[in-house]
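Chemist: Just passing along the structure, written as structure tokens.
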Amino acid sequence: MKVIICLKQVPDSEASIVVRSDGQGIEEQGITFVVNPYDEYAVEEAIQIKEQHGGEVTVVTVGPPATEKALRTALAMGADSALRLWDETFVGSDSGASAAILARALQGMEFDLILCGKQAIDDDCAQVGTALAELLDLPQATVITELELDPGARKAKAHREVDEGTEVLEVSLPAVFTAQKGLNEPRYPSLRGMMAAKKVEIEVRDSASLGLAPDAVGAGGSKTRIVSLSPPPTRPPGQIIEGEVADAVKELVRILREEAKVL
Amino acid sequence: MPNGVAVFIEMRKGEARRVSLELLSQAREFADTLGKDVVAIVCGKGIRDAAGTLAQYGADRVLLVEHDALEHYTTDAYASALTEALRRQQPAIVLFGATVLGKDLAPRVATRIGAGLATDCTDLNVTGDGQTLKAYRPMYGGKVIAEVDWPHGGIQMATVRPNIFPLGEPDAARTAETETLEFVPSPEPARTAIVEMIETVGERINVADAEVVVSGGRGMKGAENFKILEELADLLSAAVGASRSAVDEGWRDHADQVGQTGKVISPNLYIACGISGAIQHLVGMSSSKCIVAINKDPEAPIFKIADYGIVADLFEAVPIVTQELRHILGE
């Protein structure tokens, strides 16, 4: 099975995020960048597929040179090759434009399935996987927690986390899947894997090589734009209700009913 | 010339989901500002009865796309049906609930019709010439709020979280023009098929939709102890949520997890029991309208964002809350 993973490098989930004074981005100094946690599930799943069925795993990202760190983490985990798509004209791309860049690169590649994380924890858009499926005219199964392949029948059975519980969806391959927490336990890269990953040559493709017109990507090619970023509204200080537990609870219930009016 | 506001109505068991009605109420306000129509688009089977309710919540027109192939949601069939409906309507704005279904469908349709999409919004404004939408959405798990617009015009699509816009009062006198759109399923064999639906949520209210959520964390000490939260939740018609620690311990299902790697929610009332308040949990619930924390550690970070706190052992305090409420509610 040939598996492609679309991966993004993002700030660690524990990082404290400070909006730049111009409101156009975040302060990147001091932030540790990691593989998007949902993409890690995708990487692990792809490697397990290779271990079970044979084949190869390619990891793709859209990003500047610094994002090769995330690609090398995936290589160290067990991916075979990596591709980085980057051009200064990509700056300002929204989800749709990012999916268009990926789609253009993937159109020329052979694959049985594409795995993405269900969303990146930086922009939290949760659009690229689905938009990519549409651009490549492939079926999709989003928020999956289990994946079982039947290579002979060119089919997969995916468990999706839906609002009512779990939907079991049979999908014909090739298809796009987006990984939800619970799909697997991502492995730590081995020392040997990390050494080997350092030697892998990462292919880089730019706008010209992909045949992307400058106005199809970046801010000009994006239908949406981030006007500004701001910190979330702060909550006014709360009130600790003192006293014996039974009295405090009575007072709490009274406040919730009479003052907050939420009961 | 695109115009008007369209709301994709998500149906569950023959009824419109609450978030869809919240969006209709809000769309009504936008449309009144714009002097335009609100169209409710419903896909499914046996959906005609919904039209009356949709009119009462603000729809001027109800577009029904009814077909056996739309009885259960599948991406391909619904994307085709909705695309056709939108091509016919040419709305300026299209709204979806930011539910599992909305998140699966909206990017697919946006890509197909070449519309820009802002997902998981927590506020929307109509500004300027009255056709321009501004969306506000959390990023970095809620550590940042982004203002988003559509600089090149076109159809403006957004998915909006449940409980953001208040549900309007249904107006029994309102009626809507109902239109039916014929749906022709693709002659190709379906690329996906639902094999099974395992309903784990059961009768319990979904955390993402609930107006009241009672959540437990590591302080619950075990799966069996969530019973005391369920009793309180039942009394309040609330959902039971959990912190990541409680889910990682295997005490609750991931579907109930509140936080950055779970559900990000904004209920009217959030009661956190035995939850210390790690940042990844706080970003999932800090936009709740009222937050109550019960924790025996007075230093727990949850108290910093709670509106009301009680420093106590939850095993002592929670049953008293339940008892007190039962008394007041006259059971």
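Chemist: Taking a ≥ b ≥ c as the square roots of the eigenvalues of the Cα gyration tensor of region B:206-276, is the shape rounded (a/c under 1.5), prolate (a/b larger than b/c) or oblate? Write out the running numbers ahead of the final one.
Modeler: Details: a/c = 1.73, a/b = 1.15, b/c = 1.50.
Oblate shape, in that a/c is at least 1.5 and b/c is the bigger or equal ratio.
Chemist: At what distance in nm do the modelled label points of A:H53 and A:E164 sit from each other, each positioned 7 Å from its Cα along Cα→Cβ?
Modeler: Taking the two extended label points, one gets 2.8 nm.
Chemist: Still on this structure: What FRET efficiency, computed as 1/(1 + (r/R0)^6) with R0 = 25 Å and r the Cβ-Cβ distance, is obtained for A:S172 and B:K13, rounded to the nearest 0.05?
Modeler: Working: r = 29 Å, r/R0 = 1.15.
Efficiency at R0 = 25 Å is approximately 0.30.
Chemist: Computed over the Cα atoms of chain A, what is the convex hull's projected area averaged over all directions, in nm²?
Modeler: Mean projected area for chain A: 19.1 nm², to one decimal.
Chemist: Follow-up. Given Cα positions, please report Rg to Rh for region A:159-224, the hydrodynamic radius being the Kirkwood one.
Modeler: Rg divided by Rh gives 1.13.
Chemist: What is the distance in Å between the Cα centroid of region A:1-80 and that of region B:126-180?
Modeler: Rounded to whole Å, the Cα centres lie 32 Å apart.
Chemist: Tell me, what is the Rg over Rh of the protein assembly as shown, with Rh the Kirkwood radius over Cα pairs?
Modeler: Taking Rg over the Kirkwood Rh, I get 0.96.
Chemist: Let me ask you something else. By a straight-distance test (C-alpha under 18 Å), which lysines pair with B:K13 as possible cross-link partners, with residues fewer than eight away in the same chain excluded?
Modeler: Once the sequence-local lysines are set aside, what remains near B:K13 is B:K45.
Chemist: What distance in nm lies between label points placed 7 Å from Cα along the C-beta direction at A:E259 and A:R192?
Modeler: According to this spin-label approximation, the distance is 6.4 nm.
Chemist: Would you compute, for the Cα atoms of region A:104-176, the largest minus smallest coordinate along each principal axis and list the three values in descending order, in whole Å?
Modeler: Extents along the principal axes, in whole Å: 35, 32, 16.
Chemist: Would you mind computing Rg(Cα) / (2.2 N^0.38 Å) for region A:1-115, counting N as its residues?
Modeler: 1.13
Chemist: In whole Hz and in residue order, list the ³J(HN,Hα) couplings for region B:44-56 that follow from phi through the Karplus curve 6.51 cos²θ - 1.76 cosθ + 1.60, θ = phi - 60°; x for Gly and Pro.
Modeler: These are the phi-based 3J(HN,Hα) values: x, 10, x, 10, 4, 5, 6, 4, x, 4, 5, 5, 5 Hz.
Chemist: Would you mind giving the mean number of other chain beta-carbons within 10 Å of the Cβ of each residue in B:189-200, as a whole number?
Modeler: Counting Cβ atoms of other protein chains within 10 Å of each residue's Cβ and averaging gives 6.
Chemist: Per residue of A:72-82, count partner chain C-beta atoms within 10 Å of its C-beta, then hand back the mean as an integer.
Modeler: 0
Chemist: A follow-up question, please. Would you grab the residues whose amide H sits under 5 Å from the one on A:K2? Only those 5+ places off in sequence or on another chain, please, with H modelled 1.01 Å from N.
Modeler: A:E56, A:D112, A:L113
Chemist: Once you sort the root eigenvalues of the Cα gyration tensor of region B:13-123 as a ≥ b ≥ c, which label holds: rounded (a/c under 1.5), prolate (a/b larger than b/c) or oblate (the other case)?
Modeler: Since a/c stays below 1.5, the shape of region B:13-123 is classed as rounded.
Chemist: Let me ask something else about it. Could you work out how far the C-alpha centroid of region B:256-285 sits from that of region B:191-253, in angstrom?
Modeler: 12 Å
Chemist: Ratio of chain B's C-alpha Rg to 2.2 N^0.38 Å, to two decimals?
Modeler: It is 1.06.
Chemist: Let me ask something else about it. Report the per residue volume, in Å³, of the convex hull enclosing the C-alpha atoms of region A:83-205. Show your work: numbers first, answer last.
Modeler: Numbers: hull volume 18.0 nm³, N = 123.
Value for region A:83-205: 146 Å³ per residue.
Chemist: Could you give each residue of region A:73-86 its phi-based ³J(HN,Hα) in whole Hz, using Karplus coefficients 6.51, -1.76, 1.60 with θ = phi - 60°, and x for Gly or Pro?
Modeler: 4, 5, 5, 5, 6, x, 5, 8, 9, 9, 9, 10, 9, 7
Chemist: From the P(r) of region B:212-328, can you give the percent of Cα pairs sitting at distances over 21 Å?
Modeler: The calculated P(r) of region B:212-328 puts 26 percent of pairs beyond 21 Å.
Chemist: Hey, another quick one. Quick one: if the Förster radius is 30 Å, what FRET efficiency do A:E242 and B:D234 give, using the C-beta to C-beta distance and rounding to 0.05?
Modeler: 0.55
Chemist: Also: Give a quick list of GluC sites (Glu not before Pro) in region A:83-171 that DSSP marks as loop, anything other than H, G, I, E or B, with at most 15 other Cβ atoms within 10 Å.
Modeler: When the GluC sites (Glu not before Pro) of region A:83-171 are filtered for loop state and at most 15 Cβ neighbours within 10 Å, A:E110 remain.
Chemist: Next question, about the same structure. In which sequence would A:M77, B:M11 go, from the one with the fewest C-beta neighbours within 10 Å to the one with the most? Mind showing how you got there, number by number?
Modeler: Values: A:M77 23, B:M11 19.
In increasing order of surrounding Cβ atoms, one gets B:M11, A:M77.
Chemist: So how do A:80-87, B:97-104 stack up, highest first, on mean other-Cβ count within 10 Å? Can you show the working numbers first?
Modeler: Details: A:80-87: 20.0, B:97-104: 23.8.
With the highest mean Cβ count within 10 Å placed first, the list reads B:97-104, A:80-87.
Chemist: Using a ≥ b ≥ c from the Cα gyration tensor of region B:251-313 (square roots of the eigenvalues), is it rounded, prolate or oblate, where a/c under 1.5 gives rounded and otherwise the larger of a/b and b/c decides, a/b for prolate?
Modeler: prolate
Chemist: Based only on other Cβ atoms within 10 Å, what is the fewest-to-most ordering of B:K143, B:K296, A:K50?
Modeler: Result, fewest neighbours first: B:K296, A:K50, B:K143.
Chemist: Could you compute the FRET efficiency for B:D248 and B:E177, with r as their C-beta to C-beta distance and R0 at 45 Å, rounded to 0.05?
Modeler: 0.30
Chemist: Other chains' Cβ within 10 Å of B:244-254 residues: what's the mean?
Modeler: 1
Each reported figure results from applying straightforward, stated rules to the coordinates on display, with no laboratory input. Just so it is clear, the model here is predicted, and its values are computed rather than measured. Backbone-built Cβ (ideal geometry, glycine too); neighbour counts: all protein chains shown.
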